[in-house]
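Student: Can you keep this structure in mind? I'll have questions shortly.
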Amino acid sequence: HLASTQWSNYSFPKDFIFGITTSAYQIEGAWSEGGKGLSIWDYDLHQNSSLVVDKTNGDIACNSYHRWKEDVELLKHLGVNFYRFSISWTRILPLGGKDTKINDEGVKYYNELIDNLLAEEILPYITIYHWDLPQVLQDKGGWLNETLIEDYVFYARTLFQLFGDRVKHWITFNEFFQFCEVGYSDGQRAPFVSSPGVGGYQCSHNALLAHGRAYRMYEKEFKSIQGGNVGVTVDGSWCDPLTPTSESDQGAAEQFTQFNYGWFTYPILLGNYPPIMIDRIYVLSKQQGYESSRLPAFTSEEIKMIKGSYDFLGLNYYSTYLCTFSDNFSQPSFESDCGVLSSQPESWEPSAADWIKYSPWGLRELLVWIKEHFNNPPVLITENGWAYNSLDLDDTERIHYLNGCLSEVLKAIYEKECNVIGYAPWSLLDTFEWTMGYTLKFGLVHVDFESANRTRIPKRSYNMFRNIISSRRLE
Ligand code: GBH
């Protein structure tokens, strides 16, 4: 059935931008070179290699610290308008906070990368935080400690000062849900803290405040001089009702989106957590014997500060799930607070990642949901992708998925008037896939992790994406 699909016939609007994405820990390597300090991922995976399925780590990864010129060549030939990458906090501030010296070698690395991108007319879109917290700050409690807000704002200010003369697009955070809920509640990502129903909320409360404070700081101290934009990336799945005609399942699908996506977007766009989260977590916390809600509360000052703290909304979309209410979860936990069971039917085409099945329509549904809930803010798709687990130079399924998702983007723009401003797949390269190690491949470019110089070979999807960028249409 792969060949028979018809993609949308529209052309991408004139000002629609194309990019591609990576993140520092997943590609750079050189974990202890150039004066870099230790991040939680360096530290934890060196402590315990069993945290990763193939017992690998990002010590070398794609070696982009040394081979970034090849990355720039690949980006140039691809023809992208922008490159979304992240800065390694400990390459700039090896000890994290205010009392550490700026590491000149780290600054030099990013200066060269930025200058070479700009020379090729590729705009840098920099993610300030893509999960690699300095270990010294984790030693003080990490995102559970509200003093980290100050440290983050200091780090962000340092980046604006160092690079903001040339970098005009910043993304404060990548995916609060992943580093907070999975990192501090489930214990499945660094710092591998297990505190169900508690840790994730505390982490994200502090991280949302850090986001808002950094946004306001840029607005006050840099915006008039540097003229850039500050956005944030939230990961979004779409949820359809398990039984389409069931009103209960329809309610469950909306509740899932409120909890998984509204958790972060409601504060940033509307000023506070979704009412249903505030209510349910309060009631359940009381039942469970807590004195106050496990979900921290924003003060009215904080609400004013955080409301509207974005110039664009970054969206990472990979897959859709089917939802139904359930109370069959251990307590306390985010899952029982949310009260929704999600699954994916066997009949949807599987990728090598157990959480991604072929479901491009959910991207359009989510874009429409965003438009309706938040009055059509500018949305930049900052990730979207498909995983293989073996050599995939002829990656037809990835091509099929990216086309499918882009087709839904076109429909969202032309048939639903959604304000989608650009699109960047995950990822330029096969990367170190966190706890999946090197077993999952998302790249449009293959990386030979056996070769000393991490040889890069473009896949078929790279050429397909290149054609889309130059023709501005799907084929
Ligand atoms: C992105 O996160 C990251 O930003 C990026 O660094 C990473 O390399 C890329 O994905 C590919 O993995 O519903 O229980 O099955 C995506 C995080 C993790 C979000 C899995 C959805 C589904 C869990 N995704 N999650 S479940």
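The values are calculated or read from the model by the stated rules, or taken from the named source; none is laboratory data. Nothing here was measured: the structure is a model prediction, and the numbers come from that model. With ideal geometry, Cβ positions are generated from the backbone for all residues, glycine too; neighbour counts draw on all protein chains shown. Please note that ligands, DNA and RNA were not included when accessible areas were found on the heavy atoms of the full protein model with its side chains. Shrake-Rupley method; radii C 1.70, N 1.55, O 1.52, S 1.80 Å.
Student: Classify the stretch 370-438 from the C-alpha gyration tensor, please: rounded if a/c falls under 1.5, else prolate or oblate depending on whether a/b exceeds b/c.
Tutor: Numbers: a/c = 3.45, a/b = 1.93, b/c = 1.79.
Judged from the Cα gyration tensor, the stretch 370-438 comes out prolate (a/c at least 1.5, a/b above b/c).
Student: Can I ask one more? How much mean residue ellipticity at 222 nm does the chain get from its helices, if each DSSP H run of length 4 or more adds -39500 (n - 2.57) and you divide by all residues, to the nearest 500 deg cm²/dmol? Don't skip to the end; give the middle numbers.
Tutor: Working: 16 runs with 178 residues, N = 475.
Helix-only estimate at 222 nm: -11500 deg cm²/dmol.
Student: Take the alpha carbon gyration tensor of the stretch 265-329, find the square roots of its eigenvalues, order them as a ≥ b ≥ c, and report rounded if a/c is under 1.5; if not, report prolate when a/b exceeds b/c, else oblate. Spell out each step's value before the answer.
Tutor: Details: a/c = 3.40, a/b = 1.15, b/c = 2.96.
Oblate shape, in that a/c is at least 1.5 and b/c is the bigger or equal ratio.
Student: At 1.4 Å probe size, put 75, 391 in order of accessible surface, largest to smallest.
Tutor: Working: 75 0, 391 125 Å².
Output order, biggest surface exposure first: 391, 75.
Student: Also, I was wondering about something else. By a straight-distance test (C-alpha under 13 Å), which aspartates and glutamates pair with residue 286 as possible cross-link partners, with residues fewer than eight away in the same chain excluded?
Tutor: In chain and number order, the partners are 337.
Student: Of 140/357; 76/459; 76/416; 14/108; 76/441, which sit over 27 Å apart, Cα to Cα? Before the final figure, lay out each step's value.
Tutor: Details: 140/357 39 Å; 76/459 16 Å; 76/416 32 Å; 14/108 35 Å; 76/441 22 Å.
Beyond 27 Å between Cα atoms: 140/357; 76/416; 14/108.
Student: Filter the GluC sites (Glu not before Pro) in the stretch 217-317 down to the DSSP loop ones having no more than 13 other Cβ atoms within 10 Å, then list what survives. Walk me through the numbers before you get to the answer.
Tutor: Values: sites: 219, 221, 247, 254, 291, 301, 302; in loops: 291.
Filter output for the stretch 217-317: 291.
Student: Rounded to the nearest 20 debye, what is the charge dipole size of the stretch 134-250 about its Cα centre when +1 sits on each Lys and Arg Cβ and -1 on each Asp and Glu Cβ? Please report the intermediate quantities before stating the final value.
Tutor: Working: 9 positive and 14 negative charges, 138 e Å.
The dipole magnitude comes to about 660 debye.
Student: Determine the percent antiparallel among the DSSP beta bridges restricted to the stretch 1-137, to the nearest 5.
Tutor: Given both bridge residues lie in the stretch 1-137, the antiparallel proportion sits at roughly 10 percent.
Student: Going by accessible area, probe 1.4 Å, with all protein chains left in place, what is the ranking of 108, 459, largest first? The partial results should precede the final answer.
Tutor: On the way: 108 125, 459 0 Å².
Correct descending sequence by accessible area is 108, 459.
Student: So what is log10(I(q)/I(0)) for the stretch 13-75 at q = 0.17, 0.18, 0.26, 0.27 1/Å, when the Debye sum runs over its Cα atoms only?
Tutor: The calculated log intensity ratios at q = 0.17, 0.18, 0.26, 0.27 Å⁻¹ are -0.67, -0.72, -1.12, -1.17.
Student: Apply the Karplus parameterisation 6.51 cos²θ - 1.76 cosθ + 1.60, with θ equal to phi minus 60°, to every residue of the stretch 89-95 and state each ³J(HN,Hα) to the nearest whole Hz, in sequence, with x for glycine and proline.
Tutor: Here the 3J(HN,Hα) series is 3, 7, 7, 8, 10, x, 10 Hz.
Student: So, taking all protein chains as they sit and a 1.4 Å probe, how much accessible area belongs to residue 43, in Å² rounded to tens?
Tutor: Residue 43 has an accessible surface of roughly 80 Å² with all protein chains in place.
Student: Would you kindly find the accessible area of residue 55, with a 1.4 Å probe and non-protein molecules such as ligands, DNA and RNA excluded, rounding to the nearest 10 Å²?
Tutor: So the heavy atoms of residue 55 present about 120 Å² to solvent.
Student: Report Rg (one decimal) and Dmax (nearest whole number) for the stretch 357-475, counting Cα atoms only, units Å.
Tutor: Rg then Dmax for the stretch 357-475, in Å: 15.6, 50.
Student: Let me ask you something else. Using modelled backbone amide H atoms (1.01 Å from N, in-plane), which distant-in-sequence or interchain residues come within less than 5 Å of residue 102's amide H?
Tutor: Residues meeting the criterion, in which the H sits 1.01 Å from N, do not exist here.
Student: Please give the Cα centre distance for the stretch 418-455 versus the stretch 113-192, rounded to the nearest Å.
Tutor: Each part's Cα centre sits 19 Å from the other's.
Student: Now for a separate question. For the stretch 174-228, what is the Kirkwood estimate of the hydrodynamic radius, computed as the reciprocal of the mean inverse distance between distinct Cα atoms, to one decimal in Å?
Tutor: Values: mean 1/r = 0.0828 Å⁻¹.
Over the stretch 174-228, the inverse of the mean reciprocal pair distance is 12.1 Å.
Student: Next question, about the same structure. Within straight cross-link reach of residue 69, meaning Cα distance under 14 Å, which aspartates and glutamates are found once same-chain residues fewer than 8 apart are removed?
Tutor: 28, 112, 115, 120
Student: In sequence order, what are the phi-derived ³J(HN,Hα) couplings for the stretch 122-134 according to the Karplus relation 6.51 cos²θ - 1.76 cosθ + 1.60 with θ = phi - 60°, rounded to whole Hz, with x for glycine and proline?
Tutor: With the stated coefficients, the stretch 122-134 comes to 9, 7, x, 10, 9, 7, 6, 9, 10, 5, 9, 4, x Hz.
Student: In units of 2.2 N^0.38 Å, what is the alpha-carbon radius of gyration of the stretch 202-348?
Tutor: Normalised Rg, Cα atoms only: 1.19.
Student: Then there's this: Less than 16 Å apart at the alpha-carbon level, and either on another chain or at least 8 residues along: which lysines does that give for residue 168?
Tutor: Within reach: 220, 223.
Student: Please work out the C-alpha center-to-center distance from the stretch 366-380 to the stretch 306-352 and express it in whole Å.
Tutor: Here the answer is 18 Å between Cα centres.
Student: Quick check: from the Cα gyration tensor, does the chain come out rounded (a/c under 1.5), prolate or oblate? If you can, show how the numbers build up before the last one.
Tutor: Details: a/c = 1.34, a/b = 1.06, b/c = 1.27.
It comes out rounded by the Cα gyration axes.
Student: Given a 1.4 Å probe, how much area per residue of the chain is accessible, in Å²? Write down the numbers at each step before the final one.
Tutor: Working: 17870 Å² over 475 residues.
Accessible area per residue: 38 Å².
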